[in-house]
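Asks: One structure follows; several queries about it will come next.
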Amino acid sequence: MSDIQAQFSVLKQTADPLVVDAIARLIEDGEDHELNRVNVIDFARQHGVDEERAISAFLHSARLGLFDLGWNVLCPGCGGVLGAHSTLKALKPDDYHCALCACGYKASVDDQVEVSFTVNPRVRRIAAHDPDTLPVWEYFKQVFWSSGVDFNKESFATLANEVTLDTMELPAGEKATMSLQLPNDFIIIFEPVTHAAHFIDVQGEPTKDRQQLAIMYNRVQAPTGTTTMRPGPLRLALENQAGMRVLPSVFIAAEALHHLIGKRKPFLTAKRMLSNQTFRDVFKADNLSLDQRLQITSLTFLFTDLKGSTALYERVGDLAAFDLVRAHFHALLEIISSEKGAVVKTIGDAVMATFIRPEHAIVAGLRMRAAMDELNKKRGTDDLIVKIGIHEGPCLAVMLNERQDYFGQTVNIAARVQSLSTAQEIHITGPVLEAPAVAEVLKQREIRPIQKQAALRGIADKMVVYEIP
């Protein structure tokens, strides 16, 4: 048995065998570009497998060295990769600049950081492992644009034939010229390797005189410039001092270009990855560094606490109580994972968990309550009563006590809302209830929330909360 076959045998012990078989076929038969920056969400759709199981399988395959995990900071405008990192710790705290869009962005983990998987070169060598050898359009597709940009052969043909005036492969240290006929459009001269752009605002009466423009590429990211020119001939002088091959390309910045790069498909975000149980379990060392503070604009927090656990220990004894509490934890943690959530930490008999969407949290809460009823029914008692609170909002992802954690008022409110419960009711906040999918979940179960005014410890103003009876 080869080393790779042995790794797949190990992988099948920790991941869904159907997904593992699909990954093995991809490595064996897939085209080179299909193994570069694999979009796991798209992979799951194409192979008809569960997204969470696909994410888990790729994470375990990365742990075994079959794939390399990548964290790519994206431009929300054009979908270009502004920074490619092998670890989450490498994300910069300052702005990332997109020359193509002439804008700067902070690396929000909500939808601006893509998590992708590239086959390890020891498993299979692909063209993207040597990006300087890729043809220009393959470089754009495989290196510059993210897996979330929905390109196909037809759209790339449109990009090459209708949107592009010219493109060139310019080796390091060389000079070259382009002879162009400028149309009466806004023009972008974009170079994807150094992320350099120059704009030409073409306006006025056409001219027959040849216009001149010189551009030099180097490792210094120069500010984006704009030159006004007239429709007509242009001699574009290019010089490459970047120490690597560059790919200057001249685009017509018209509706066709915006339409092509505006077509998107779902991809695995860093936000979703941080709330994935497999990632938290397997890649603890790949979490944030101590001084990182990643902003998340929207995350759902669920807090639980076991009511009267001290009295429970006194009533049934330490050994029986321990078995009960352990059974309760096992049920809760299994539900959180199956509803696309992740356990951040347990504190005594309490659990703090995160979910990407509030409807996943509310379904998890309802299932937790039912699971406690079932455990109590088996014992013929009502010893296990879990208090549950759910809140959604912005937060910071941070490292606390060598663990990836969350900080902010949203976390505080979620914890306080949980403390409002006196029995097995669930308390949620307005942002959770206002999510259309949450309203649908409650409607299907014929649950009518009860509105309350609540004073939460440490929160200045009273809040409107909702009891889920």
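Asks: Take Thr177 and Thr228, extend 7 Å from each Cα along the Cα→Cβ direction, and tell me the distance between the two endpoints in nm.
Replies: My value for the distance between the label points is 2.7 nm.
Asks: What relative contact order, as a whole-number percentage, does the stretch 1-79 give when Cα pairs under 8 Å and 6 or more residues apart are counted? Could you put the intermediate results ahead of the total?
Replies: Values: 48 pairs, mean separation 26.1, N = 79.
33 percent.
Asks: Then there is this: Is the stretch 16-73 rounded, prolate or oblate when judged by the Cα gyration tensor, a ≥ b ≥ c being the square roots of its eigenvalues, rounded requiring a/c under 1.5 and prolate requiring a/b larger than b/c?
Replies: Details: a/c = 1.23, a/b = 1.12, b/c = 1.10.
In terms of gyration-tensor shape, rounded.
Asks: Using protein chains only and a probe of 1.4 angstrom, how many square angstrom of Met368 are accessible, to the nearest 10?
Replies: Ignoring ligands and nucleic acids, Met368 comes out at about 0 Å².
Asks: What's the extension gain from Gln203 to Lys284 if we count 0.36 nm per residue and subtract their Cα-Cα distance?
Replies: Working: separation 81, 0.36 × 81 = 29.16 nm, distance 5.55 nm.
Using 0.36 nm per residue and subtracting the Cα-Cα distance, I get 23.6 nm.
Asks: Let me ask something else about it. If you compute Rg and Dmax of the Cα atoms in Å for the structure shown, which of [x] 23.8, 94; [y] 27.0, 96; [z] 28.6, 111 do you land on?
Replies: Calculated Rg and Dmax of the Cα atoms in Å: the matching label is [y].
Asks: Taking amide H atoms as placed 1.01 Å from N in the peptide plane, list the residues 5 or more away in sequence, or in a different chain, whose amide H sits under 5 Å from that of Glu174.
Replies: For Glu174, whose amide H was placed from the backbone, the distant partners under 5 Å are Asn240.
Asks: Further question on the same structure: Return the loop-located trypsin sites (Lys or Arg not before Pro) in the stretch 143-237 (DSSP other than H, G, I, E, B) with at most 13 other Cβ atoms within 10 Å of their own Cβ; answer none if there are none.
Replies: Values: sites: Lys153, Lys175, Lys208, Arg210, Arg219, Arg235; in loops: Lys208, Arg210, Arg219.
Passing sites in the stretch 143-237 are Lys208, Arg210, Arg219.
Asks: A follow-up question, please. Using 0.36 nm per residue of separation minus the Cα-Cα distance, give me the extension gain between Arg445 and Asn218 in nm, one decimal. Please report the intermediate quantities before stating the final value.
Replies: On the way: separation 227, 0.36 × 227 = 81.72 nm, distance 6.18 nm.
Full-extension gain reported as 75.5 nm.
Asks: In the chain, if the dipole is taken from +1 on Lys/Arg beta carbons and -1 on Asp/Glu beta carbons about the Cα centre, which of Thr226, Gly430, Ser179 is farthest to the positive end?
Replies: Result: Gly430, furthest along the dipole toward the positive end.
Asks: Based on DSSP H runs of at least 4 residues, each adding -39500 (n - 2.57), what is the mean residue ellipticity at 222 nm of the chain after dividing by all its residues, to the nearest 500 deg cm²/dmol? Can you show the working numbers first?
Replies: Values: 15 runs with 149 residues, N = 469.
Mean residue ellipticity, 222 nm, calculated: -9500 deg cm²/dmol.
Asks: Report the net charge of residues surrounding Gly65, where surrounding means a beta-carbon distance below 11 angstrom and charges are Lys +1, Arg +1, Asp -1, Glu -1.
Replies: Numbers: positive: Arg63, Arg122; negative: Asp3, Asp68.
My count for the surroundings of Gly65 gives 0.
Asks: Moving on to the next point. What relative contact order, as a whole-number percentage, does the stretch 363-469 give when Cα pairs under 8 Å and 6 or more residues apart are counted? Don't jump to the answer; show the numbers that get you there.
Replies: On the way: 161 pairs, mean separation 24.8, N = 107.
Relative contact order of the stretch 363-469: 23 percent.
Asks: Okay, next question. From the square roots a ≥ b ≥ c of the eigenvalues of the alpha-carbon gyration tensor of the stretch 138-199, which class results: rounded (a/c under 1.5), prolate (a/b over b/c), or oblate? Don't skip to the answer; put the middle values down first.
Replies: Numbers: a/c = 1.87, a/b = 1.22, b/c = 1.53.
Here the stretch 138-199 falls in the oblate category.
Asks: Then there's this: Run the paramagnetic zone check for Asp68: 7 angstrom along Cα to Cβ, then residues of the stretch 25-43 with backbone nitrogen under 14 Å.
Replies: 35-38
Asks: Sticking with this structure for a sec: Using the heavy atoms of the protein chains and a 1.4 angstrom probe, tell me the accessible area per residue for the chain in square angstrom.
Replies: Working: 21710 Å² over 469 residues.
Dividing the accessible area of the chain by its residue count gives 46 Å².
Asks: For Cα pairs less than 8 Å apart in space and 6+ apart in sequence, what is the mean separation divided by the residue count of the chain, i.e. the relative contact order in percent? Working shown, then result.
Replies: Working: 937 pairs, mean separation 57.5, N = 469.
Relative CO of the chain lands at 12 percent.
Asks: Here is a follow-up. Compute the angle between helix 3-14 and the longest alpha-carbon principal axis of the chain, please, reported from 0 to 90 degrees and rounded to the nearest 10.
Replies: The helix 3-14 is inclined about 40 degrees to the chain.
Asks: Could you compute the net charge surrounding Glu425? Neighbours are other residues with a C-beta less than 10 Å from the C-beta of Glu425; K and R count +1, D and E count -1. Each step should come with its number before you reach the end.
Replies: Numbers: positive: Arg369, Lys387; negative: Glu467.
Computed value for this residue: +1.
Asks: Here's a follow-up. Roughly to the nearest percent, how much of the accessible area of the chain is carbon and sulfur, given a 1.4 Å probe?
Replies: Details: 10790 of 21710 Å².
About 50 percent, which is the carbon plus sulfur part of the accessible surface.
Asks: Let me ask something else about it. If Lys and Arg each add +1 and Asp and Glu each add -1, what is the summed charge of the other residues whose beta carbon sits under 14 Å from the beta carbon of Asn240?
Replies: Values: positive: Lys175, Arg219, Arg245; negative: Asp132, Glu169, Glu174, Glu191, Glu239.
Here the count lands on -2.
Asks: Can you give me the solvent accessible area of Tyr217 with a 1.4 Å probe, rounded to the nearest 10 Å²?
Replies: 10 Å²
Asks: Dividing the Cα convex hull volume of the stretch 415-469 by residue count, how many Å³ per residue is that? Mind showing how you got there, number by number?
Replies: Details: hull volume 4.2 nm³, N = 55.
Hull volume over Cα atoms, normalised by residue count, gives 76 Å³.
Asks: Determine the order of Glu440, Glu114, Glu239 by accessible area, beginning with the largest, at a probe radius of 1.4 Å.
Replies: Glu440, Glu239, Glu114
Asks: Additional query: How about the stretch 425-469: which trypsin sites (Lys or Arg not before Pro) there lie in a loop by DSSP and see at most 16 other Cβ atoms within 10 Å?
Replies: Numbers: sites: Lys443, Arg445, Lys452, Arg457, Lys462; in loops: Arg445, Arg457, Lys462.
Loop-located and lightly packed - Arg445, Arg457, Lys462.
Asks: Past the 31 Å Cα-Cα mark, which pairs from Lys263/Lys284; Lys92/Lys284; Lys106/Lys284; Lys307/Lys443; Lys106/Lys387?
Replies: Working: Lys263/Lys284 34 Å; Lys92/Lys284 19 Å; Lys106/Lys284 24 Å; Lys307/Lys443 28 Å; Lys106/Lys387 37 Å.
Violating the 31 Å limit, Cα to Cα: Lys263/Lys284; Lys106/Lys387.
Asks: Another question about this same structure. Can you bin the stretch 191-230 into rounded, prolate or oblate? Criterion: square roots of the alpha carbon gyration tensor eigenvalues sorted a ≥ b ≥ c, rounded for a/c under 1.5, prolate for a/b above b/c, oblate for the rest.
Replies: Prolate, since a/c reaches 1.5 and a/b exceeds b/c.
The values are calculated or read from the model by the stated rules, or taken from the named source; none is laboratory data. All values derive from a computational prediction rather than experimental measurement. Virtual Cβ from ideal backbone geometry, glycine too; neighbours counted across all protein chains shown. Calculation scope for accessible area: heavy atoms of the full protein, side chains included, ligands and nucleic acids excluded. Shrake-Rupley method; radii C 1.70, N 1.55, O 1.52, S 1.80 Å.
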